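Reviewing the structure listed below.
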Amino acid sequence: MSERETHGYKVGDPIRDTKAPEGPIEDRWDKRRFSAKLVNPANKRKINVIVVGTGLAGGSAAATLGELGYKVKSFCYQDSPRRAHSIAAQGGINAAKNYRGDGDSVYRLFYDTVKGGDFRARESNVYRLAQVSVNIIDQAVAQGVPFAREYGGLLDTRSFGGAQVSRTFYARGQTGQQLLLGAYSALERQVAAGTVEMHTRHEMLDLVVSGGRARGVIVRDMVTGEIETHLADAVVLATGGYGNVFFLSTNAKGCNTTAIWRAHERGAMFANPCYTQIHPTCIPVSGDYQSKLTLMSESLRNDGRVWVPLAKGDARKPSEIPEDERDYYLERIYPAFGNLVPRDIASRAAKNVCDEGRGVGPGGLGVYLDFADAIARLGRDAVEKKYGNLFEMYERITGENPYETPMRIYPAVHYTMGGLWVDYDLQSTIPGLFVVGEANFSDHGANRLGASALMQGLADGYFVLPTTIGDYLAGSKSFDEVDEADVEEARQKVQQKIDKLLSVNGTRTADSYHRELGRIMWDYCGMERTEESLRKALERIPELREEFWNNVKVPGDPEGLNQALERAGRVADFFDLAELMCIDALHRTESCGGHFRAESQDADGEALRDDENFAYVAAWEWGQDGPTLHKEALDYEYVKMTQRSYK
Amino acid sequence: MNLTLKVWRQNGPSDEGRMVTYKVEDVSPDMSFLEMLDVLNERLILEGDDPVAFDHDCREGICGMCGMVINGVAHGEQRATTTCQLHMRHFKDGDEVTIEPWRAAPFPVVKDLVVDRSAFDRIIQAGGFISVPAGSAPDAHSVPVKKEDADAAFDAATCIGCGACVAACPNGSASLFTAAKITHLGLLPQGQPERDSRAKAMVEQMDLEGFGGCTNTGECTAVCPKGIPLDTIARMNADFLKASK
Ligand SMILES: Cc1cc2nc3c(=O)[nH]c(=O)nc-3n(C[C@H](O)[C@H](O)[C@H](O)COP(=O)(O)OP(=O)(O)OC[C@H]3O[C@@H](n4cnc5c(N)ncnc54)[C@H](O)[C@@H]3O)c2cc1C
Ligand code: SF4
Ligand code: FES
């Protein structure tokens, strides 16, 4: 039964069944594969599947479904599927290959991921992810992904945060690019084979639900402006994360929430929207015109020392500040881990010193990452060998030479662990709507470990979804015809939104609203959240949204390429998502992973979970007059729940 | 700094197009080139004008979506740099900057600075892959690859498919792009079974799309943001000849 609560949401029935098989965890995926119904190969050609998104998750899913013989339609908003945001991933991809013989195993990767996620992910899903991880590397190598190798010809690996084994495979600083080009080439092979029909520069604007099932999408051809309907037997969303709700993030400019948000409005529950990952080492904002933030690899913290001046508002050049007037705050507060504390801790510490007025650079929003000691110790050449390309990138963007003056870094929004709720089969709460990659919420709990997003995207797309979707599609012969009225209603809704945006003709651009919304989210629902800050955000967001809908200026016509219109539509959806994120963050009064509630910390200022009250997934159902919360309880049969410590 | 921009405006593939002059003021040296255009566009929107359409996404030099001919050079004069990674500190007060789209017949203009590069996807469709359905792969360590080969394959594989090579080439050739893929896959043991058919099919598709032939001017590699070397083209030609025998 539902009850009204103070934050304007209701509590509905808990989610009891996630469809994960029972029994020993190592047998569950096998069991599910065996129980999944198979589709007769001859029938596959008559079954249509829509895949929206061509990143690692969507590209691999569409290619694999095509290989299996389904009739696939694939969509992306870029001019080529190869340009999906996955292309930008740098560091690497985890897999439990244990090629090093350093004690890695499927179980250890499972364990690290559950723990790294601060005990807010499902054990069954994570175990499967670790199992499948080994197949991903095989698949990628066979496709010609040029991973780094050693002189003996075997694959090289490196270690990444949150793990004590070396299990991260990489292709220099461009692992995402190489993996995506592998998936892209498999996808293009299927386009040539006629199993996949590719629609680039098409933006999904709504989901068609008919007879209680997801049966298609409404898209806008971004070149002609035409609104198109595409129907199918199932729809897969692989549309990535929503970090751009903050305006400034390390995501590509076009990353958006539109596809998943509109599916949410159609009945797909949204899980843990407030779980956001903030990366500690990004290049700081340089001015009001800033359009995005650039990540500097975390590996820099291996040799760089982080510091700020001891005194507030010290405006001297870094070289003029003597040793004893500097505060190497990470080394001071965390003597055991020093500069290598996990992402969330490093980020919050940087925020704290800047809040104290000790930040450096424009606006005081930056801290130094200093390589002077490393250069003195190892020599400039050695530092250049290790980090040369990163130093170059830094110099290109800032115009400063990090060999001579310390880098300035600041945390930035990087990844969203939340997303559409899915069951063990990756199916959302709308039958026939599957969600893969960063767009779903499934495997990372409240904090994602480095190099695990690529793993999850490809696990979902190459191996999990192609099996589980078959089980659903095996019943497709019994699906009803799509009701014309449902299609018409969705088309109307899309059209009305576009018309509305174009007709306001106000005095501010969509981007300027987006910036302001992002600022609200960053200040009140960012690295540190409090009841007070979140209530403030929940006041400001609806006000600003109201103003947006009455005062935004979107030029041009509905026909033809209209980039301002595209942006305005995305901003409109970010407003609604932002509100839900704040509601979620407000209701979760504990701290966990990337969600830090200032009210919930231990004596040392570290995040304090409240397992008794919050060991659940918060799945939100959309409603005209506010959301309804459904709780999915999390049980830990294998990994014992513990509190993290890095002192 | 203050700049005068001369920007190519074209309302669609059938529009004739023309250069339009805009003044931009108070440009910060720390801005990226695209941020400078963002500022212009924000102003144009508020003035009731049509903002300048241009492609971009990652703004980190890796997606290959951005691309403009700046002062006559694809991606601008700074070497090994995509348009999105170019910063305004390389310009000075009072400069006049011309901005045009890639110009090549197989890349028709969609609007302003946005062109249609789908021909590149079709070249890949013709053979830029290794045929290995998901789930059929052997253990990754079953085939060792010499480090030098893996490294060289990687270097060729870093092509971002931006199309600057085509825009810079006096013949509008797509040789560097095509050769980069043929080299990447052809250097790996996994790529051998389809090596001949791949080279043949991709080169033929390239011709079919209307790209010009290569006369070794080297303009492509000079503008290539990823420094794809010219010798990949020699490799492609060798593979193609062998396959056509
Ligand atoms: C700078 C950076 C570095 C990273 N480095 C790493 C790393 O080293 N290791 C790691 O594991 N992870 C890393 N990550 C995270 C990882 O890259 C992403 O989580 C992952 O690539 C997401 O893949 P995806 O397939 O889910 O979505 P994406 O790659 O974001 O693809 C989304 C797709 O959906 C399409 N789309 C979106 N909306 C619509 C719409 N409305 N209509 C039509 N199409 C739409 C887009 O066109 C695109 O094709 C990094 C992230 C960033 C930002
Ligand atoms: S070869 Fe270079 S210039 Fe040509 S598409 Fe590739 S990256 Fe761009
Ligand atoms: S916007 Fe991605 S390479 Fe320039």
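The values are calculated or read from the model by the stated rules, or taken from the named source; none is laboratory data. None of these values were measured; they are calculated from a predicted model. Here the Cβ is made from the backbone with ideal geometry for all residues, glycine too, and neighbour counts use every protein chain on show. These area figures cover heavy atoms from the full protein model, side chains too; ligands, DNA and RNA do not enter into them. Shrake-Rupley method; radii C 1.70, N 1.55, O 1.52, S 1.80 Å.
Each residue of the range A:237-248 was assigned a 3J(HN,Hα) from its phi angle through the Karplus curve 6.51 cos²θ - 1.76 cosθ + 1.60 (θ = phi - 60°); the sequence is 9, 9, 9, x, x, 10, x, 6, 4, 7, 6, 8 Hz, with glycine and proline shown as x.
Relative to the current alpha-carbon distance between A:LYS493 and A:LEU340, full extension at 0.36 nm per residue lengthens the span by 50.1 nm. A simple charge model with +1 on the Cβ of Lys and Arg, -1 on the Cβ of Asp and Glu and nothing else charged puts the dipole of the range A:435-564 at about 600 debye relative to its Cα centre.
The distance from the alpha carbon centre of the range B:209-245 to that of the range A:598-612 is 60 Å, rounded to a whole number.
If you take every DSSP beta bridge fully contained in the protein assembly as shown, what fraction is antiparallel? Give it as a percent rounded to 5. Antiparallel bridges make up about 70 percent of those DSSP assigns within the protein assembly as shown.
Taking the convex hull of the alpha carbon atoms in the protein assembly as shown, what volume per residue do you get, in Å³?
Details: hull volume 142.2 nm³, N = 892.
Value for the protein assembly as shown: 159 Å³ per residue.
Accessible surface for chain B, divided over its residues, is 38 Å² per residue with a 1.4 Å probe.
Placing a label point 7 Å from the Cα of B:ASN11 along the Cα-to-Cβ direction, none of the residues of the range A:492-517 has a backbone N under 17 Å of that point. For a Förster distance of 51 Å, can you work out the FRET efficiency between the beta-carbons of A:GLU320 and B:ALA234, rounded to the nearest 0.05? Once rounded, the FRET efficiency stands at 0.40. Counted residue by residue at 0.36 nm each, then reduced by the alpha carbon distance between them, the extension gain from A:THR628 to A:ALA376 reaches 84.9 nm.
Would you mind classifying the range A:279-414 by shape? Square roots of the alpha carbon gyration tensor eigenvalues, ordered a ≥ b ≥ c; an a/c under 1.5 is rounded, otherwise it is prolate if a/b is larger than b/c and oblate if not. Rounded shape, in that the Cα axes give a/c under 1.5. Using θ = phi - 60° in the Karplus curve 6.51 cos²θ - 1.76 cosθ + 1.60, the 3J(HN,Hα) couplings for the range B:162-175 round to 7, x, 4, 4, 5, 4, 7, 6, x, 9, x, 8, 9, 4 Hz; x is entered for Gly and Pro. When the Cα positions of B:VAL114, A:VAL308, A:VAL191 are compared along the charge dipole of the protein assembly as shown, A:VAL191 comes out farthest toward the positive end, with charges on each C-beta of Lys, Arg, Asp and Glu.
Based on Cβ point charges of +1 for Lys and Arg and -1 for Asp and Glu, what charge dipole magnitude is obtained for chain B about its Cα centre, in debye rounded to the nearest 20?
Taking the Cα centre of chain B as origin, the dipole is about 920 debye.
Per residue of A:554-566, count partner chain C-beta atoms within 10 Å of its C-beta, then hand back the mean as an integer.
On the way: counts 1, 9, 5, 1, 0, 1, 5, 8, 4, 10, 7, 0, 0.
The mean count of partner-chain Cβ atoms within 10 Å per residue comes to 4.
Beyond 26 Å in Cα-Cα separation lie the following of the pairs A:LYS19/A:LYS115; A:LYS46/A:LYS631; A:LYS97/B:LYS181; A:LYS497/B:LYS23: A:LYS46/A:LYS631; A:LYS97/B:LYS181; A:LYS497/B:LYS23.
What the Cβ-Cβ distance of A:GLU543 and A:GLN643 gives, at R0 = 35 Å and to the nearest 0.05, is a FRET efficiency of 0.35.
Taking only protein heavy atoms and a 1.4 Å probe, the accessible area of the range A:484-633 is 44% carbon and sulfur. Each part gets one Cα centre, and for the range A:458-526 versus the range A:52-88 those centres are 17 Å apart.
Kirkwood radius and radius of gyration were both taken over the C-alpha atoms of the range A:71-220, and their ratio Rg/Rh is 1.04. Straight Cα distances below 19 angstrom link A:LYS312 to the lysines A:LYS351, with same-chain residues fewer than 8 positions distant left out.
A straight Cα-to-Cα reach below 14 Å connects B:LYS146 with the aspartates and glutamates A:GLU150, A:ASP156, residues fewer than 8 places away in its own chain not being considered.
Annotation for the range A:219-292 versus the range A:392-434: alpha-carbon center distance of 12 Å. Excluding ligands, DNA and RNA, the accessible surface per residue across chain A is 35 Å² with a 1.4 Å probe.
Taking 0.36 nm per residue of separation and subtracting the Cα-Cα distance, full extension of the segment from A:PHE479 to A:THR530 would add 13.6 nm. Go ahead and run the numbers for FRET between A:SER105 and A:ARG45, Cβ-Cβ distance against an R0 of 45 Å, rounding to 0.05. Calculated value: 0.65. Among B:233-244, A:313-324, B:54-65, the peptide with the highest mean count of other Cβ atoms within 10 Å heads the list, and the full ranking is B:54-65, B:233-244, A:313-324.
Averaged over the residues of peptide B:49-59, the number of Cβ atoms from other protein chains lying within 10 Å of each residue's Cβ is 6. The residue among A:ALA142, A:LEU378, B:GLN125 whose Cα reaches farthest toward the positive pole of the charge dipole of the protein assembly as shown, with charges on the beta-carbon of Lys, Arg, Asp and Glu, is A:ALA142.
Put +1 on the Cβ of every Lys and Arg and -1 on every Asp and Glu Cβ in the range A:484-633; which of A:GLY626, A:THR589, A:PRO542 then has its Cα farthest towards the positive end of the dipole? Checking the options against the dipole of the range A:484-633, the answer is A:PRO542.
Build a GNM of chain B with springs between Cα atoms under 10 Å apart, and of B:ALA53, B:ALA179, B:ALA137 the one that fluctuates most is B:ALA137. Each Lys and Arg adds +1 at its Cβ and each Asp and Glu adds -1 at its Cβ; summed about the Cα centre, the protein assembly as shown shows a dipole of about 1920 debye.
Ballpark to the nearest 100 Å², how much total accessible area do A and B bury together, probe 1.4 Å?
On the way: alone 25430 and 12270 Å², together 31660 Å².
That pair hides around 6000 Å² of surface in total.
Report which residues of the range A:489-522 become buried by 40 Å² or more of accessible surface when going from the isolated chain to the complete set of protein chains (1.4 Å probe; DNA, RNA and ligands ignored). Output list: A:THR509.
Normalising by residue count, chain B has a Cα convex hull of 144 Å³ per residue. Computed from backbone phi with θ = phi - 60° and the Karplus coefficients 6.51, -1.76 and 1.60, the 3J(HN,Hα) list for the range B:133-140 is x, 4, x, 9, 7, x, 4, 4 Hz; x is used for glycine and proline. Relative to the globular-protein estimate of 2.2 N^0.38 Å, the Cα radius of gyration of the range B:3-111 stands at 1.03.
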